[in-house]
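Below is one structure, written out as structure tokens; comments come after it.
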Amino acid sequence: MTSNSCPLCNEIGGELIWQSALYRVVMVEELGYPGFCRVILNHHVAEMTELGMDERNNLMNAVWAVEEVLRVEMKPQKVNLASLGNVVPHLHWHVIPRWQDDPHFPAPIWATPLRESTSRTIDLNWLKAALASKLLMLESFSKE
């Protein structure tokens, strides 16, 4: 896949929460998975080892910052991190809060559902603000 045909080169990939020169963080609307985020590299690369060490560290710091906010604000039983790229070989990380009663638990969210989707009341505006605040602090810290 070339950058011309890559959906993550041509589209945001979800609701934009934060963007830096290196990456963007989006929230994905996925039934049963409120708070599901992606951290997407802004240029077309397929693998982490194609990045320089500073880019790798900055990207992973963003992934960890998103995970931390999801854990603190949503209190899930688990947070899944995944960088697959089999369908869209553009470097991106899925950061997915998980609960024991979610449709797929304990299987990956891409497996056959095991139960109906549960409704979970989440203040997404608060969560988005918390994510943006954490990423702003991260960005400020990395420039020092």
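What the table shows:
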| quantity | calculated |
| --- | --- |
| Failed item in (1) touching a residue at least 24 places away in the same chain (Cβ under 8 Å); (2) farther than 30 Å from ASN4 by Cβ; (3) assigned to a loop (DSSP other than H, G, I, E, B), with PRO106 passing the rest | (1) |
| Any chance ALA82 is within 14 Å of the chain's Cα centre (by Cα) and either surrounded by 12 or more Cβ atoms within 10 Å (Cβ to Cβ) or not aromatic (Phe, Trp, Tyr) (or both) | yes |
| Single residue of the range 86-144 satisfying the filter (surrounded by 15 or more Cβ atoms within 10 Å (Cβ to Cβ) and aromatic (Phe, Trp, Tyr)) that is farthest from ASN58 (Cα to Cα) | PHE105 |
| Residues (part of a loop (DSSP other than H, G, I, E, B) and within 18 Å of the chain's Cα centre (by Cα)) located in the range 109-126 | ILE109, TRP110, ILE122, ASP123 |
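Taken together, the values in this text are just the output of simple stated rules run on the coordinates, not laboratory data. Note that the coordinates shown come from a computational prediction; the quantities given were computed from them, not determined experimentally. Cβ sites come from the backbone with ideal geometry, for glycine too, and all protein chains shown count toward neighbours.
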